[in-house]
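Colleague: The structure's right below; bear with me while I get my questions together.
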Amino acid sequence: MKEYLKSTNEVLDEQITSQNGLSSEEAASRLEKNGKNKLQEGKKEKLIVKFFKQLGEPMTIILLIAAAISGVIEVIEGAFPVDAVIILAVVLLNAILGLIQEGKAEKALEALQQISAATSKVIRDGHQITVKSEDIVVGDIVVLEAGDAVPADCRIIECASLKAEEAALTGESVPSNKVSEALEPNANGDVALGDRKNMVFSGSTIVYGRAKAVVVATGMDTEMGKIADALTSAQEGKTPLQRKLGQLSKILTVIVLGICVIMFGVNIVRSVIGGDFGFNTAVHTFMLAVALAVAAIPEGLATVVTMVLSIGVTNMSKRNAIIRKLTAVETLGCAQIICSDKTGTLTQNKMTVVDFFGSDEKLLANAMSLCSDAEFDTEAGTAVGEPTECALVNYAEKVEMSKNREKQNYVRISEVPFDSSRKMMTTVHENDGKIVQFTKGAPDEILKRCVSIWENGEVVSLTDEKRDEILSNNKKMADKALRVLACGFKNHESAPTTLTSEALENDLVFIGLVGMIDPVRPEVKTAIEECKGAGIRPIMITGDHRDTAVAIAMELGIITDASEAITGAELDNISDEDFEALVEKYSVYARVQPEHKTRIVNAWRKKGKVTAMTGDGVNDAPSIKNADIGVGMGITGTDVTKGVADMILTDDNFATIVSAVGEGRRIYDNIRRAIQFLLASNMSEVIAVFLVSLISGATLFEAPHLLFINLITDSLPAIALGMEQAEKNVMKRMPRESNEGIFARGLGFGVVYQGILVAALTLTSYFIGLYAFGGGMESSLAHSLGTSMAFLTLSMCEIFHSFNMRSLKGSIFTIKKQNLVLWGAGILAMALTVMVLEIPFIASIFSLYNLNAAQFFTALGISILIIPFVEIVKLFQRLIDRAKSKKNNK
């Protein structure tokens, strides 16, 4: 409707209301017709649906099918379905862990509702009454005063010195001055949200003055409602890690099915040729295929990754970063773009006096402080009230002119309140029987009313030269994006009786100027330098004016030239296609609206950049949800932002992001170690089982053997690998590309050669047991002995190999600091393996042979060989890398 472009009477007529408000009957009718003034809630996914989604992974489905069929076969044969029970237990455990760790409640819309005022003052039937905010309807006349929360979007019909705090909605760090007159449209025929001075919006707060306003939008039709719509429509994409694990899952599924089909076919053909094909042969062949499926599927991978991420989450919480979604922790580690809101994130969201001009700073500070309505709260240690006036009172406190003391010496006896037309405010005080007036306001307006200036303790004439000096200093401050105020005083023989601007605000003595700004956080500049060193580009997105944004960005080192900044209005004139081509040109966006922020985030994401978005206001929420990882502020952040954020900074410190980036990179490196370790183990199992079956038709390991190895001797050390410390250069290297394959940078080669090595050692142990120690035994006992030795070798091989994985290419003998958790995991896994082999009751469940000392230590000795073999390969890898490096340097 663009009510802000229309006159007050036109708006009232359109809403079919008047200055006396609606009648109670009409309000009830509109409420019934249009519904409550509240935001709609999105449908929540049921717990059972989330659970079944956990079971819907391709590898999990294969295991479930294998468990079901093997269970039926075991029951038909009259045996307890051990294999089926173990497989199902593992699948259910992984699903429950995933459900617990990935569960994320949708709290954004609930938080939006909590922002709205509980009750509001309206005029109905010609009388002012208080009603529930949710019962407000379009056409209601709302009465607003300082401290009130605005319950709906309203067009102001009358106001006096009204200021609204809209930082959470528009990004403005300074309260917006409001008017009741119709506005003039810009070149596009509209007015930007932050410039709609005759409107107040749902969720904002009145900080000064009073007003009456007519409600023009409620519920989902408000600006906040549009944000709520954006939240529900925003797409939550998968993190890079989720995508890579999804690809891995599909690859392994195809491999598993292929191996099972080949193995099943080979054995069926062999039995048909041998003339012994029958039900028992088919069952044996199927169980072998199940064993191969279990061998190929890394059952512990999801659990290990979840545990490694959980460890990272714990570490990050100690550094003031709370992760709300586990798999998102690594995304920040590969972030290439960080889009940050300025107000409250890069700056302190606290107006502060940083410069002054005048011969008497204490007089200037005292005059500014006394001529304001903010008060200093001794308990809180800061001023309370309108932010600009708070800055003045805090400034006075800083120069030892405490308002709490001085207001006793200078008792206010009258005032002329501030209004936006004359841009100044006057207060009159009594001091030891003398009457003094202080007037503060816009420098140009104050200077017009000054005839003299205070210099060196006396009043002197305000010459043109001195006037030019004042204007020059005013320009210097303004050029630094400072908000400048001037102050003057005037002595009276007696208390003035005519309290008007015309009577008081003239013949002033100029005292000086103060320049204030929402200052940058002191630690942010260093944090941005570290981000750039890590190959991360910081982007500032703000609702503030261009000059202010540019000044802050240049101070922080985000940009070096003003041409790198663009406004929301300019962005509106650029198509999505053109903007995608130009997005790399800009690092500062000023006077933007919520939809602009989402466009910016999406443009970077379309370029394949992993994008993070930080912010604290309601206006940041849609772009935070659309980003690869959203970072909310814990102190100044709204509940809406926290509800959609993947990570929350509890100290609101931009520098915390730097440590989070380093932790994210460390976690991803450790996950790569765990993946290589687990997949090499699975490959060794598949090779060993496949070759033994191919050679002799026997099954080397049954499903319980493989599940034990995968979940105990593999998973425990893999989790411990997640405790490895970060490499020294972790924040000196460029971010990895989001489309980097999971087998990139040598991981695939490592899986293959290490899998072959472990399989070779396992088969060596099996054949030694089968022929050297079991040569005089019955074939089934000899096979059991060989399997038991192979089981011990494979289990111990994995434990020893986990130490190899502390460095993918470096020698483990050069790592000075020990991973005590890995030592603990290795000892525990070794103890459990020995128990399975040597305790008769447990050994019988797993159908394993009790090994004597010679057999035990032979198998153990073979497993230790994995360390020198891998060390030799690493040595050649390092030599090759050095040769390549020398060649590139030439």
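Colleague: Only residues that are of a type in the set (Gly, Ala, Ser) and surrounded by fewer than 22 Cβ atoms within 10 Å (Cβ to Cβ): list them for the range 672-713, please.
Modeller: Ser693, Ser696, Gly697, Ala698
Colleague: Looking at Gly741, Gly748, which is the one that is farther than 16 Å from His705 by Cβ, part of a loop (DSSP other than H, G, I, E, B) and out of contact with any helix residue (DSSP H, G or I) (no Cβ under 6 Å at 6 or more places or on another chain)?
Modeller: Result of the check over Gly741, Gly748: Gly741.
Colleague: Could you check, for the range 337-357, whether at least one of its residues is over 30 Å from Thr598 (Cβ atoms), touching a Gly at 6+ places or on another chain (Cβ under 6 Å) and part of a helix (DSSP H, G or I)?
Modeller: no
Colleague: Out of the residues in the range 757-776 meeting the condition of being within 16 Å of Leu848 (Cα to Cα) and of a type in the set (Gly, Ala, Ser), tell me which one is nearest to the chain's Cα centre (by Cα).
Modeller: Among those that are within 16 Å of Leu848 (Cα to Cα) and of a type in the set (Gly, Ala, Ser), it is Ser765.
Colleague: Additional query: Only one of Glu555, Glu529, Glu502 is over 30 Å from Ala621 (Cβ atoms) and either part of a strand (DSSP E or B) or open to solvent by 50 Å² or more (accessible area, probe 1.4 Å) (or both); which? Talk me through it step by step, then tell me what you get.
Modeller: On the way: Glu555 fails: over 30 Å from Ala621 (Cβ atoms); Glu529 fails: over 30 Å from Ala621 (Cβ atoms).
Only one candidate passes the filter, namely Glu502.
Colleague: Let me ask you something else. Output the residue which, of all residues in the range 644-666 that are in a helix (DSSP H, G or I) and of a type in the set (Ser, Thr, Tyr), is nearest to the chain's Cα centre (by Cα). Step through it out loud before you land on a result.
Modeller: Of all residues in the range 644-666, those in a helix (DSSP H, G or I) come to 644, 654-666.
Add one more test, that the residue is of a type in the set (Ser, Thr, Tyr), and what stays is 656, 659.
Working: Thr656: 12, Ser659: 13 Å.
Only one residue fits best here, namely Thr656.
Colleague: Open to solvent by 10 Å² or more (accessible area, probe 1.4 Å), in contact (Cβ under 8 Å) with a residue 60 or more places away in the chain and not in a strand (DSSP E or B), is that true of Asp669? Write out each step before concluding.
Modeller: Values: open to solvent by 10 Å² or more (accessible area, probe 1.4 Å): yes; in contact (Cβ under 8 Å) with a residue 60 or more places away in the chain: yes; not in a strand (DSSP E or B): yes.
Yes, satisfied.
Colleague: For the condition of a type in the set (Val, Ile, Thr), out of contact with any His (no Cβ under 6 Å at 6 or more places or on another chain), assigned to a loop (DSSP other than H, G, I, E, B) and surrounded by 24 or more Cβ atoms within 10 Å (Cβ to Cβ), what is the one hit in Val592, Val631, Val601?
Modeller: On the way: Val631 fails: assigned to a loop (DSSP other than H, G, I, E, B); Val601 fails: assigned to a loop (DSSP other than H, G, I, E, B).
Result: Val592 is the single residue among Val592, Val631, Val601 that is of a type in the set (Val, Ile, Thr), out of contact with any His (no Cβ under 6 Å at 6 or more places or on another chain), assigned to a loop (DSSP other than H, G, I, E, B) and surrounded by 24 or more Cβ atoms within 10 Å (Cβ to Cβ).
Colleague: Any idea which residue in the range 646-662 is modelled with the highest pLDDT, counting only those that are open to solvent by less than 10 Å² (accessible area, probe 1.4 Å) and under 24 Å from Val583 (Cα atoms)?
Modeller: If we take residues in the range 646-662 being open to solvent by less than 10 Å² (accessible area, probe 1.4 Å) and under 24 Å from Val583 (Cα atoms), then Val661 is modelled with the highest pLDDT.
Colleague: For the structure I just gave you, tell me whether Phe813 is closer than 18 Å to Phe800 by Cβ and either polar (S, T, N, Q) or within 41 Å of the chain's Cα centre (by Cα) (or both).
Modeller: Yes, satisfied.
Colleague: Quick check: is even one residue across the range 222-236 touching an Asp or Glu at 6+ places or on another chain (Cβ under 7 Å), open to solvent by less than 40 Å² (accessible area, probe 1.4 Å), modelled with pLDDT of 75 or more and not charged (D, E, K, R)?
Modeller: Yes, the range 222-236 contains a residue that is touching an Asp or Glu at 6+ places or on another chain (Cβ under 7 Å), open to solvent by less than 40 Å² (accessible area, probe 1.4 Å), modelled with pLDDT of 75 or more and not charged (D, E, K, R).
Colleague: Would you point out the residue of the range 449-497, among those that are surrounded by fewer than 12 Cβ atoms within 10 Å (Cβ to Cβ) and among the β-branched types (Val, Ile, Thr), that is modelled with the highest pLDDT?
Modeller: Thr463
Colleague: Can you work out which of the residues in the range 158-180 that are in contact with a helix residue (DSSP H, G or I) (Cβ under 9 Å, 6 or more places away or on another chain) and among the aliphatic types (A, V, I, L, M) is nearest to Ile141 (Cα to Cα)?
Modeller: That would be Leu169.
Colleague: All but one of (1) over 24 Å from Met351 (Cβ atoms); (2) modelled with pLDDT under 95 hold for Pro519; state the number of the condition that does not hold.
Modeller: Only one criterion in (1) over 24 Å from Met351 (Cβ atoms); (2) modelled with pLDDT under 95 is unmet by Pro519, namely (1).
Colleague: A further question follows. So, in the range 417-433, of the ones that are more than 21 Å from Asp444 (Cβ to Cβ) and part of a loop (DSSP other than H, G, I, E, B), which residue ends up least open to solvent (accessible area, probe 1.4 Å)? Can you show your working first?
Modeller: Residues of the range 417-433 that are more than 21 Å from Asp444 (Cβ to Cβ), as a first pass: 428-433.
Checking which are part of a loop (DSSP other than H, G, I, E, B) leaves us with 432-433.
Values: Asp432: 145, Gly433: 59 Å².
Looking at residues that are more than 21 Å from Asp444 (Cβ to Cβ) and part of a loop (DSSP other than H, G, I, E, B), I get Gly433.
Colleague: If we keep just the residues of the range 119-146 that are in contact with a helix residue (DSSP H, G or I) (Cβ under 7 Å, 6 or more places away or on another chain) and assigned to a strand (DSSP E or B), which is least open to solvent (accessible area, probe 1.4 Å)?
Modeller: First, the residues of the range 119-146 that are in contact with a helix residue (DSSP H, G or I) (Cβ under 7 Å, 6 or more places away or on another chain): 119-120, 124-125, 135, 137-140.
Adding the requirement that they be assigned to a strand (DSSP E or B) leaves 119-120, 124.
Details: Thr119: 85, Ser120: 9, Arg124: 29 Å².
Filtering the range 119-146 for residues that are in contact with a helix residue (DSSP H, G or I) (Cβ under 7 Å, 6 or more places away or on another chain) and assigned to a strand (DSSP E or B), the one least open to solvent (accessible area, probe 1.4 Å) comes out as Ser120.
Colleague: Can you tell me how many residues in the range 731-765 are aliphatic (A, V, I, L, M) and either closer than 22 Å to Gly533 by Cα or open to solvent by 20 Å² or more (accessible area, probe 1.4 Å) (or both)?
Modeller: So the count comes out to 8.
The values are calculated or read from the model by the stated rules, or taken from the named source; none is laboratory data. In this text, all values refer to a predicted model and were calculated from it rather than measured experimentally. Cβ coordinates were reconstructed from backbone atoms using ideal geometry, including for glycine residues, and neighbour counts include every protein chain displayed. Note: accessible area is taken over every heavy atom of the protein model, side chains too, but ligands, DNA and RNA are not part of it. Shrake-Rupley method; radii C 1.70, N 1.55, O 1.52, S 1.80 Å.
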